[in-house]
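A.B. asks: Shown below is the structure under consideration.
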Amino acid sequence: MPAWAEQYLTASHPAFYPMVFVLLLLAGLGFPVSADLVLLTCSYIAYTGHADVWLLIPVAIGGILLSDICMFHIGKHLGHGLTRVWPLKKALPPERIERAKQSYQIQGYRLVFFARFMPGIRTVFMFTGGLMRLRLPKFIAYDLAGALIVIPSMLFSMTWVAGNQEAILAFMKKAQWIFLTAVAGYLVYWFMRRVKRRALKASVKTESDLSAPRP
């Protein structure tokens with residue numbers, strides 16, 4: 001948590017709710033602010049009865065969604081320009097981007113949803129969503145769906161564990177690895193299915209060519 005922000009994260013400060021919005025916006029834009037730590041701090045303040053959790057939920061969702069939309073537009077309008085600059089130019093040549101775009105149009109919205117459960121790399125998925133030209137309304141819908149699960153859960157988390165912050169942090173670390181493993185397993189499964197379908201199509205095409213009458 002930035003030292004300059006700590007003084008604002010007290011329910012007695014008149015800028016408490018606006019500062020929560022600003023901090024979550026900055027976190028989503030890649031600034032050195034932990035969105036999870038901000039939410040856990042707010043959760044503890046709400047647990048002690050000094051903040052309204054039902055007001056915190058829309059404030060937090062608003063800040064996070066706005067940052068995600070900003071990253072989406074940055075990826076959409078500036079992303080391809082950035083990929084022409086070294087070292088991204090070497091790592092992401094145009095043909096690789098086009099192949100990734102085809103895959104992302106199929107799985108991208110699901111990845112946007114799953115990204116809400118993965119601390120530390122959410123911003124990358126939001127930027128990539130714009131770079132791969134996902135449809136903004138659908139992007140927002142999937143992002144909002146994930147936020148409606150994650151954010152209220154984190155803001156109520158201190159109530160569920162009676163204010164035990166260490167228990168929440170330990171659970172988050174364990175849950176993150178479990179979720180990342182599940183997502184990685186799903187992506188491997190999807191990739192193998194795609195490879196199998198391509199091989200099947202190639203086999204059918206070969207058989208069709210062999211069975212075609214020759215002039």
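A.B. asks: Has region 11-28 got any residue that is outside any helix (DSSP H, G or I), under 25 Å from residue 144 (Cβ atoms) and either in contact with a strand residue (DSSP E or B) (Cβ under 7 Å, 6 or more places away or on another chain) or not hydroxyl-bearing (Ser, Thr, Tyr) (or both)?
C.D. replies: Here is the first cut: in region 11-28, the ones outside any helix (DSSP H, G or I) are 11-15.
Those left that are additionally under 25 Å from residue 144 (Cβ atoms): none.
For region 11-28, residues outside any helix (DSSP H, G or I), under 25 Å from residue 144 (Cβ atoms) and either in contact with a strand residue (DSSP E or B) (Cβ under 7 Å, 6 or more places away or on another chain) or not hydroxyl-bearing (Ser, Thr, Tyr) (or both): absent.
A.B. asks: Then there's this: Quick test for you: out of 168, 140, pick the one residue that is surrounded by 14 or more Cβ atoms within 10 Å (Cβ to Cβ), of a type in the set (Val, Ile, Thr), modelled with pLDDT of 85 or more and outside any loop (DSSP other than H, G, I, E, B). Don't jump to the end; show me each part of the working.
C.D. replies: Working: 168 fails: modelled with pLDDT of 85 or more.
Every option except 140 fails the conditions.
A.B. asks: Can you report the number of residues in region 89-116 which are part of a loop (DSSP other than H, G, I, E, B) and at pLDDT 80 or above? First the steps, then the outcome.
C.D. replies: Step one: filter region 89-116 for residues part of a loop (DSSP other than H, G, I, E, B), giving 92-93, 116.
Next, from what is left, pick out any that are at pLDDT 80 or above: 116.
Number satisfying all stated conditions: 1.
A.B. asks: Something else now. Filter region 1-15 for residues that are exposed (fewer than 14 other Cβ atoms within 10 Å of the Cβ) and of a type in the set (Gly, Ala, Ser); which is modelled with the lowest pLDDT?
C.D. replies: 3
A.B. asks: Write out, first by first residue and then by second, each pair whose Cβ atoms fall under 6 Å of each other, whose residues are 6+ apart or on separate chains, and whose first residue, in region 99-122, is among the charged types (D, E, K, R) while the second is at pLDDT 70 or above.
C.D. replies: That search, which allows pairs on different chains as well, returns 101/132; 116/146; 116/147; 116/150; 122/115.
A.B. asks: Six or more apart or on different chains, Cβ atoms under 7 Å: show the pairs whose first residue is in region 66-85 and among the polar types (S, T, N, Q) and whose second is modelled with pLDDT under 70 and surrounded by fewer than 15 Cβ atoms within 10 Å (Cβ to Cβ).
C.D. replies: Hits for this filter: 83/89.
The values are calculated or read from the model by the stated rules, or taken from the named source; none is laboratory data. This one's a predicted model, so the numbers in the text were calculated from it and none came from an experiment. Cβ sites come from the backbone with ideal geometry, for glycine too, and all protein chains shown count toward neighbours.
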